[in-house]
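Working notes, beginning with the structure itself.
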Amino acid sequence: MSEQRLIPKTMSTQHPDNASIPLWCDSDVIEGEKEVYEAYYAYSNLGCQEVMWDSEGKDIDPHVVRKLLTSYPDFFKEKILGRDVFLTYRIPNPMLEKVEKKVFLETLQAIPKHFDVAKQFYGNGEYAPVFEVILPFTSSHRDVVKVLRTYSEAVVNIEKVKIDFPDVTLQELVGEIQPKSINVIPLFEEWTCLVSLDSLLFKLLEATSPKYLRVFLARSDPALHYGLVPSVILVKIALSKIWALVKKEGVNIYPIIGVGSLPFRGHLSPNNLTNFVREYKGVSTVTVQCGLKYDYPESDAKAVVEYLNRNLPKGEAEDFSQIEQTLLSVASKFKDAYYEFLLHAAKVIESISRLVPARRARRLHIGLFGYNRMIGDVILPRAIPFTASLYSLGLPPEFIGLRVFRTLKEEEQCALLDAYKNIKEDLRTAAEFFSWRNLEAIRESEAFDKEFVEFALPLLIEDVKVAEENMGLKIGPSSSVTKRHENYTNDFIILFSEGKTDEAKQALVTAAKLRRSLG
């Protein structure tokens, strides 16, 4: 592969946060051949420069490169796969996902097969169609080293194995294994990793001496794990540390951020583009998830992709080293308040999450918190159904824990507002979907347990009052769209309470289409 490469600005992903089904899909679930077409659609129609091909926890087409090149030859003759557009595998983490260990190896072993297909298609082997993999739940530089060495020893070097007397090697049977090396993109999502990212990445640079490094920062899962405010603070601190390391070591590091459309999961939406780019200065690549791709008109999604391709990265990340400890103290307080609510609300959230439609076919995931995170004796769903569940009640999760704000010292409030620049704008967007009327409906319903009504709801009301009284935000729907959203979420509560599951699901999806994202 050539030394210089384009760093993609936009990465289409398979995150199933879409309420609407794309016109080219004839099923509620996008899978199989439709996922191959989806990759082409992201490249050709939307202009995404990269597609994440997720082999973590789901069955994917193992012949994706062959199918892309043979099904759409004109496009890929013009846009070289591996030079102009990119296909990047998200692999299972074999250190954590016990049932996926062989899938991890299988995915790495497929990379040379893709190389051979592309070499035949293009008539040369100048560009590997797949040469980077994303490693979720990275917690140490050693995790990355293990993947690199697995590829080297278990994929490339097996060509030297003798398979017949006296010196016939495997290479003579299967051909040369290429590419000879790959890049690993570590995905960081846990508190301790994000706040010590400089130390972790320095060790990685020492151990591997890469020409450059791409680093993936989760934004959605930290929101699920710790709450909205801590998730933004953690990402801001991580970006600050990355850029300090770039200046100190002189190595190019290109941050990727994983975001959804709603404020809780990142707020990448057509009407928030300027704020988003300003909020996450220093980011080189942004995920384009399914809610953005399919719940907005194609022209809007395409405009977002074009804007990001033109404008990223928007300068260097801000330096928060001087206020880092203050920010971490603030984040810790918000996290504790978030947990307090969840301990009383998790059972209700989990029960509603079962009604959130699946948009992808997935196997069981075992991850950082088992992807179904245990809180007390109950299970918390994944980020998308979690967010969808609370929005479906008219109780957006962005507000959870906000009561902490009025207890902060002036220095802490200033640090928070300095780091999280668009906090009021994000909350203002969420406030449109909050329903006081639904609070009364929940109280009157017998379908919601006493713990949720008597302990969780009062905490959330206190949180919302802070947004109203301390931040000057109007809480509740003001547009025709958000008023209709309130009506459908109110219908959902009534139908859910009456045990009318199918009708409740319909109301849930209709409301999600109005807010242009499941969760």
- Query: Pick from F448, F433: which is within 23 Å of F276 (Cα to Cα) and outside any helix (DSSP H, G or I)?
  - Reply: F433
- Query: Could we say that K474 is basic (K, R) and outside any helix (DSSP H, G or I) here?
  - Reply: yes
- Conditions (1) surrounded by fewer than 24 Cβ atoms within 10 Å (Cβ to Cβ); (2) among the hydrophobic types (A, V, I, L, M, F, W, C); (3) part of a strand (DSSP E or B) -> L217 fails only (1)
- Selection status of E412, farther than 17 Å from L262 by Cα, free of Cβ contacts under 8 Å to residues at least 60 places away in the same chain and among the acidic types (D, E): no
- Query: Taking region 494-508 only, how many residues are aliphatic (A, V, I, L, M) and either under 21 Å from S478 (Cα atoms) or free of Cβ contacts under 8 Å to residues at least 40 places away in the same chain (or both)?
  - Reply: 3
- Task: Working carefully through the options T192, T138, T150, find the one that is part of a helix (DSSP H, G or I), under 30 Å from S321 (Cβ atoms) and in the same structural domain as Y254 (by TED's automatic domain parsing).
- Result: T192
- If we only count strands (runs of 3 or more DSSP E) wholly inside region 6-101, which ones have 2 or more residues that are over 26 Å from L508 (Cα atoms) and without any contact (Cβ under 8 Å) to a residue 60 or more places away in the chain? 50-54, 86-90
- Query: Y212 passes all but one of (1) hydroxyl-bearing (S, T, Y); (2) out of contact with any strand residue (DSSP E or B) (no Cβ under 6 Å at 6 or more places or on another chain); (3) surrounded by fewer than 22 Cβ atoms within 10 Å (Cβ to Cβ); which number fails?
  - Reply: (2)
- Query: All but one of (1) at pLDDT 90 or above; (2) surrounded by fewer than 19 Cβ atoms within 10 Å (Cβ to Cβ); (3) not polar (S, T, N, Q) hold for A345; which doesn't?
  - Reply: (2)
- From the list E316, E340, E306, E324, which residue is in a helix (DSSP H, G or I), surrounded by fewer than 16 Cβ atoms within 10 Å (Cβ to Cβ) and touching a residue at least 24 places away in the same chain (Cβ under 8 Å)? E306
- Mind checking which residues of region 270-284 are surrounded by fewer than 24 Cβ atoms within 10 Å (Cβ to Cβ) and not in a helix (DSSP H, G or I)? K281, G282, S284
- Select, from Q109, Q171, the only residue that is over 24 Å from M11 (Cα atoms) and assigned to a helix (DSSP H, G or I). Q171
- If you take the residues in region 80-111 that are more than 22 Å from the chain's Cα centre (by Cα) and acidic (D, E), which one is modelled with the highest pLDDT? D84
- Message: Looking at the structure I just gave you, is L416 assigned to a helix (DSSP H, G or I) and either over 24 Å from the mean Cα position of the chain (by Cα) or at pLDDT 95 or above (or both)?
- Response: yes
- Of S445, S497, S435, which residue is in contact with a Pro (Cβ under 8 Å, 6 or more places away or on another chain), within 19 Å of V348 (Cα to Cα) and not assigned by TED's automatic domain parsing to the domain that holds L268? S435
- Task: Check region 434-442 and report whether any residue there is crowded, with 20+ Cβ neighbours inside 10 Å, within 26 Å of F405 (Cα to Cα) and hydroxyl-bearing (S, T, Y).
- Result: yes
- Query: Can you find a residue in region 59-80 that is of a type in the set (G, A, S) and buried (at least 23 other Cβ atoms within 10 Å of the Cβ)?
  - Reply: no
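The values are calculated or read from the model by the stated rules, or taken from the named source; none is laboratory data. Please read these numbers as outputs of a predicted model, since none were measured by experiment. As a convention, Cβ positions derive from the backbone with ideal geometry for all residues, glycine included, and neighbour counts pool all protein chains shown.
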